[in-house]
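Everything below concerns the one structure shown next.
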Amino acid sequence: MMNNLFSIFDPSTNLLNLSINWIKTMLGLMFIPFSFWLLPNRHFFFWKFMIMNLHNEFKILLNMKNNKGSTFIFISLFSYILFNNFLGLFPYIFTSTSHLTISLSLSLSLWISFMLFGWINNTKHMFIHMIPQGTPTILMPFMVLIETISNLIRPGTLAIRLTANMIAGHLLLTLLSNTGIILNNYLLIFLIMIQIILLTLESAVAIIQSYVISILSTLYSSETN
């Protein structure tokens with residue numbers, strides 16, 4: 001039963017489907033109508049409004065005033081995770097963000113980039129950041145150890161947070177779907193209503209997780225400057 005339950009997160013059973021499942025995490029952009037990008041419409045203005053708000057918020061967190069391109073990587077990260085989270089809500093579509101292969105690759109590559117930039121360009125600041133201001137002398141070695149461990153587990157926590165949230169909602173929807181075949185008509189209608197509510201909740205989780213991952217990545221980046 002558990003193998004069948006978790007099989008919804010299996011990319012495929014053969015090599016051809018495996019490659020297609022992973023590649024299609026980017027192919028979805030091809031299905032967006034060109035009119036979305038070329039002709040102003042309500043969807044375009046809504047997306048532009050959301051992107052500009054994210055840009056202003058990230059700019060504050062990064063302490064950037066004039067450099068407009070500094071937030072582009074985090075806006076792109078938000079857009080990529082959001083797109084893949086929503087793509088996984090459709091039937092028979094592989095949820096790539098429910099795998100550590102994707103989430104850990106994103107978080108680990110960003111974390112390594114931040115660490116290399118910080119230790120190469122702002123070495124003194126990185127050492128100072130390991131000991132909070134006002135720490136008693138006797139506690140300094142312990143604070144260095146605690147800060148080092150907390151820094152090392154950051155990519156893992158980012159990846160596990162995204163993966164666990166995606167898996168939890170999909171598992172709940174799958175469990176409810178499997179019980180539909182043994183219910184009568186009235187209970188089936190009630191079950192469908194519950195699934196619609198859960199699907200709405202999962203849509204909110206998809207947005208929230210994209211926002212949380214991008215905000216935390218921005219905060220981790222700001223600590224290296």
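One table, with the values for the structure above:
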read-out	value
Computed label-point distance, nm, for sites ILE149 and ASN178 using a 7 Å Cα→Cβ extension	3.7 nm
Solvent-accessible heavy-atom area per residue, rounded to whole Å², over the range 38-157 at 1.4 Å	66 Å²
Estimated inter-spin distance, ASN185 and TYR211, nm [label 7 Å along Cα→Cβ]	4.2 nm
Spacing of the two label points (7 Å from each Cα toward its C-beta) at LEU108 and LEU201, in nm	3.2 nm
Cα shape, the range 47-165, gyration tensor, a/c 1.5 rule	oblate
Probe 1.4 Å - accessible area at LYS48, Å² to nearest ten	110 Å²
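The values are calculated or read from the model by the stated rules, or taken from the named source; none is laboratory data. The shown structure was predicted, so the numbers you read here are calculated from the model rather than taken from an experiment. Glycine also receives a Cβ, built like all others from the backbone with ideal geometry; neighbour counts cover every protein chain displayed. Only protein heavy atoms, including side chains, enter the accessible area calculation; ligands, DNA and RNA are left aside. Shrake-Rupley method; radii C 1.70, N 1.55, O 1.52, S 1.80 Å.
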